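Trainee: I'd like to ask you about the structure that follows.
The values are calculated or read from the model by the stated rules, or taken from the named source; none is laboratory data. None of these values were measured; they are calculated from a predicted model. Methodologically, a virtual Cβ is constructed for each residue, glycine included, from the backbone with ideal geometry; neighbour enumeration extends over all protein chains shown. Please note that ligands, DNA and RNA were not included when accessible areas were found on the heavy atoms of the full protein model with its side chains. Shrake-Rupley method; radii C 1.70, N 1.55, O 1.52, S 1.80 Å.
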Amino acid sequence: MTAIVVIVSLVLYVLLFRVYGGKLAKMVRASDKNVAPSSRLRDDVDYVPAKSAVLFGHHFASIAGAAPIIGPVLALAWGWLPALLWIWFGNIFIGAVHDYLAIMSSVRYDGKSCQFVAADVIGARTSRIFYWLVFFMIILVIAAFGAVVGGMYVAQPAVASSYVLKLIAALILGFLMYKVKMDFRLATLIGIVLLIFAIIGGTWLPIKLGWGAWMIIIGVYIVVASSVPVNILLQPRDYLNSWLLYFGLVIGLIAAIFSFSGFTAPAFTSFAPIISGGKPTPFWPAIVLIIACGSLSGFHALVGSGTTSKQVAKESDVLTIGYGSMLTEGFLSTIVLVAIAGFSFGILQEAGTGITLDNWGAKYTGAMMGKFPNAAMFVESYAKMVGATFLKFIPVEFVKVIAGMWVASFAMTTLDTTNRLGRYAICEVCAPLQEKSSGLYNFLTNKWIASSIPALIGLLLAYTRSFTVLWPSFSTANQLLASITLFTSVAWLQKRIKTKSVNMVLVPAYLLWITVTAAILWFSFAVLPGTIASKPITGYTVLGIEIIMIVLNFIFFYDFIQTRRKA
């Protein structure tokens, strides 16, 4: 069964990339004759042309984070079949379309954000709403992924030390690529060797620190990483991340095919198993809050229009970087789902959780989070799957570090990329102060201050360890942002590209908006009251953000409908 699912997934993604992705490229009339903003506006800080392979690695690592891993782990409470179908459907027809159009529209607007595009094609009020939604989402992303990284580093100290060594390797690689200007292939080879030493070195020198210490260290790191030029750390580090991804995917693909394992987890449990905040969680509309980035993600629009569009060398690269990265993320989610569906049941039983196929829906989330919190379930399942093949000669601890590095590397990349986007968002939100109070404006938009504000708020929420609430709260903002980005793309296609038919974008946008709006209302009034009772500060903070987002959401939708009527 594991082999059938991954092979079907691979064929499906390759086919749809060529057919559906090619149709999108024709719709926007992508052409390399148009000079990309990375060259026209080059400043060697944010606007820096990048090779397609390097930018693919940076973009993928930034958008993937830990979401395509954690989402399927949590969604297995419904059973593997509903989770798999949503990954495939949402990935191909919503997520990849969303990502491609977000980057391409930004490229056509000199690398400006999706918020800027919304101001032009819908209205100024819409743009302001967009900016505030982005700011709230950035805080919740930092909270959710900060909790993921902190939990991984505490549980697996070897992963923490491997990541530190990988940062050193990335700085060396960036120096060789951009300062020494070494041959790209030779620099790549040196980088890969350094990455291997980083993984091995981590198992020798684990860094053992507590939760609070890691919250402080992560905060300092993401402020610094989000303020330095992208070609010093972000580009080379994420290029190394891409090789870690390729290696992990290849090993996972081989293991899934040759483990000759069926799925031990149930195909379907119930419509509303226990997942979010210990509450019954209905498949619709809550699936978008649990799977999140493994299927589609509004955060990708922030990355695509915030950093990636400023580094695209030519328009033809956007199909691979945008549409292709989202499909790759979906394939990663498929590998994760295959691993945990095939091996998690045995792991949970060995851990003495008392879980059975009959009580799976009611006990899976609690048992998994109790024994293998956050992404640890994937790490254990992945190692089991690899050990069930001819690859078992690879030491188990080494496999676990690789799997843990997947989670930690992509989550840390998401954290510092998000914080960089938070700096951009604060500068844009504070723009009206530039004339009214220039001193306050200059203080708030200072890159160190603007980078510190979202980091501090987000990590204070992460410190509470309310993961089963922080994860869906991040997803509410994330998926809402995806729906309004799709609406913005529809308006752009009609008003600026003059596309006659936009149904392949408009229909998914309406379906997603209805689902996400229902999910936010369910989460706010079914889950958060319990959180308020047990953790008032976290509960009231998240509820306040959710209520503001609901109001802004309906105002945005009204503005979009008015734009459609005028058109």
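Trainee: Among (1) modelled with pLDDT of 90 or more; (2) open to solvent by 10 Å² or more (accessible area, probe 1.4 Å); (3) touching a strand residue (DSSP E or B) at 6+ places or on another chain (Cβ under 9 Å), where does SER52 come up short?
Mentor: (1)
Trainee: Same structure again: If a residue counts only when it is buried (at least 20 other Cβ atoms within 10 Å of the Cβ) and touching a residue at least 40 places away in the same chain (Cβ under 8 Å), which helices (runs of 4 or more DSSP H) contained entirely in region 343-462 have at least 2 such residues?
Mentor: Values: elements: 360-371, 376-387, 396-429, 433-436, 438-444, 447-462.
Passing ranges, in order: 360-371, 376-387, 396-429, 447-462.
Trainee: Could you tell me which residue of region 24-44 is surrounded by the most Cβ atoms within 10 Å (Cβ to Cβ), considering only residues that are without any contact (Cβ under 8 Å) to a residue 24 or more places away in the chain and over 22 Å from VAL490 (Cα atoms)?
Mentor: Initial filter on region 24-44 (without any contact (Cβ under 8 Å) to a residue 24 or more places away in the chain): 26, 33, 35, 42-43.
When the remaining residues are screened for being over 22 Å from VAL490 (Cα atoms), the result is 33, 35, 42-43.
On the way: LYS33: 6, VAL35: 11, ARG42: 14, ASP43: 10.
Result: ARG42.
Trainee: Residue by residue through region 205-237, note down the ones that are among the polar types (S, T, N, Q) and part of a helix (DSSP H, G or I).
Mentor: Going residue by residue through region 205-237, those that are among the polar types (S, T, N, Q) are 226-227, 231, 235.
If the condition is that a residue be among the polar types (S, T, N, Q) and part of a helix (DSSP H, G or I), then GLN235 is the only one that fits.
Trainee: Pick from region 537-567 the residues that are hydroxyl-bearing (Ser, Thr, Tyr) and within 22 Å of LYS495 (Cβ to Cβ): which of them is surrounded by the fewest Cβ atoms within 10 Å (Cβ to Cβ)? Spell out how you get there, then give the answer.
Mentor: The initial filter retains those residues of region 537-567 that are hydroxyl-bearing (Ser, Thr, Tyr), namely 538, 540-541, 558, 563.
Next, only the ones that are within 22 Å of LYS495 (Cβ to Cβ) stay: 558, 563.
Details: TYR558: 12, THR563: 20.
Here the residue is TYR558.
Trainee: Do you know which of the residues in region 252-268 that are of a type in the set (A, V, I, L, M, F, W, C) and open to solvent by 20 Å² or more (accessible area, probe 1.4 Å) is modelled with the lowest pLDDT?
Mentor: Taking region 252-268 first, the residues of a type in the set (A, V, I, L, M, F, W, C) are 253-258, 260, 263, 265, 267-268.
Filter again for open to solvent by 20 Å² or more (accessible area, probe 1.4 Å), leaving 253-254, 257-258, 260, 263, 267-268.
On the way: LEU253: 83, ILE254: 87, ILE257: 84, PHE258: 85, PHE260: 72, PHE263: 89, ALA267: 93, PHE268: 95.
Going through the qualifying residues, I end up with PHE260.
Trainee: Just one of (1) surrounded by fewer than 22 Cβ atoms within 10 Å (Cβ to Cβ); (2) closer than 25 Å to LEU543 by Cα; (3) β-branched (Val, Ile, Thr) trips up VAL469, so point out which.
Mentor: (1)
Trainee: What are the residues in region 193-235 that are closer than 15 Å to SER451 by Cα and buried (at least 19 other Cβ atoms within 10 Å of the Cβ), if any?
Mentor: To start, the set of residues in region 193-235 that are closer than 15 Å to SER451 by Cα comprises 216-230.
Passing the criteria: ILE218, GLY219, TYR221, ILE222, VAL223, ALA225, SER226, VAL230.
Trainee: Also: Can you confirm whether region 304-311 contains a residue that is among the basic types (Lys, Arg), crowded, with 24+ Cβ neighbours inside 10 Å and in a helix (DSSP H, G or I)? Lay out the reasoning, then the answer.
Mentor: To start, the set of residues in region 304-311 that are among the basic types (Lys, Arg) comprises 310.
Next, only the ones that are crowded, with 24+ Cβ neighbours inside 10 Å stay: 310.
The next check asks that each one be in a helix (DSSP H, G or I); those that pass are 310.
Looking through region 304-311, at least one residue is among the basic types (Lys, Arg), crowded, with 24+ Cβ neighbours inside 10 Å and in a helix (DSSP H, G or I).
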